[in-house]
Ligand SMILES: Cc1cc2nc3c(=O)[nH]c(=O)nc-3n(C[C@H](O)[C@H](O)[C@H](O)COP(=O)(O)O)c2cc1C
């Protein structure tokens with residue numbers, strides 16, 4: 001833009017308009033289409049664990065996110081249909097276990113209702129009492145701060161009480177209904193090690 005180009009003020013939105021423009025009109029969204037389109041957004045996978053009546057419980061979750069640094073808060077969305085979520089809620093504490101790319105089988109196990117989810121898996125209790133899985137690439141131990149019903153899910157917000165990273169394996173990534181790993185493209189942290197490019 002040259003210096004002499006006049007700057008035109010952007011017209012304020014017309015707040016008297018009664019109808020939404022056609023392209024943003026609220027509509028009934030077909031659930032299959034919603035799933036398909038939203039599936040284009042990749043997620044990592046965590047296992048949310050808790051102790052309920054002296055037994056470990058857990059569920060695979062892709063909707064985990066960090067929320068706030070000060071205070072340290074994290075969150076995830078739990079479906080109303082989950083039989084694990086009410087137990088996590090009742091426990092009042094939970095641990096977020098970040099899965100590595102080789103842990104597809106653990107993800108499937110923790111996504112299966114009624115499965116013996118902890119059979120053959122090593123774990124130890126964190127400060128909150130919730131299980132930290134031996135296989136977790138990283139873990140975040142939390143106290144449940146609040147749970148809020150949003151549509152057909154609950155937003156679970158956790159206050160972080162302790163956390164750690166156990167090893168530098170690549171993360172498990174869920175994308176368009178399938179599992180994959182992380183492939184580094186930039187050199188922000190220095191050049192990739194020989195043979196590591198395109199992993
Ligand atoms: C890749 C993947 C991501 C998932 N993400 C979520 C999630 O964010 N929230 C949720 O409530 N369930 C999620 N699930 C489903 C739960 O793992 C599963 O419904 C549940 O743990 C099994 O039911 P149960 O809790 O009744 O045992 C996910 C499943 C998979 C395979």
Checklist outcome for this item: Here, residue 184 and residue 70, labelled 7 Å along Cα→Cβ, have an inter-label distance in nm of 3.1
Next on the checklist: Report the Cα centroid-to-centroid distance between region 30-79 and region 96-134 in angstrom, as an integer.
Outcome noted: 14
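Can you give the direction-averaged projected area of the convex hull of the alpha-carbon atoms in region 41-178, in nm²?
8.0
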Checklist entry - Once the piece of chain linking residue 113 and residue 145 is laid out straight, how much longer is it, given 0.36 nm per residue of separation minus the C-alpha distance between them? => result 8.9 nm
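What Kirkwood hydrodynamic radius do you get for region 113-199 when you take the inverse of the mean 1/r over all pairs of distinct Cα atoms, in Å?
One decimal place: 16.6 Å for the Kirkwood radius.
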Checklist entry - When a footprinting reagent is the concern and you count Cβ atoms within 10 Å, what order do 103, 40, 52 take, fewest first? => result 40, 52, 103
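FYI, it's all coordinate maths here, none of it is from the lab. Given the structure is predicted, the values throughout are model-derived calculations rather than measurements. Here Cβ is always computed from backbone atoms with ideal geometry, including for glycine, and neighbour counts include all displayed protein chains.
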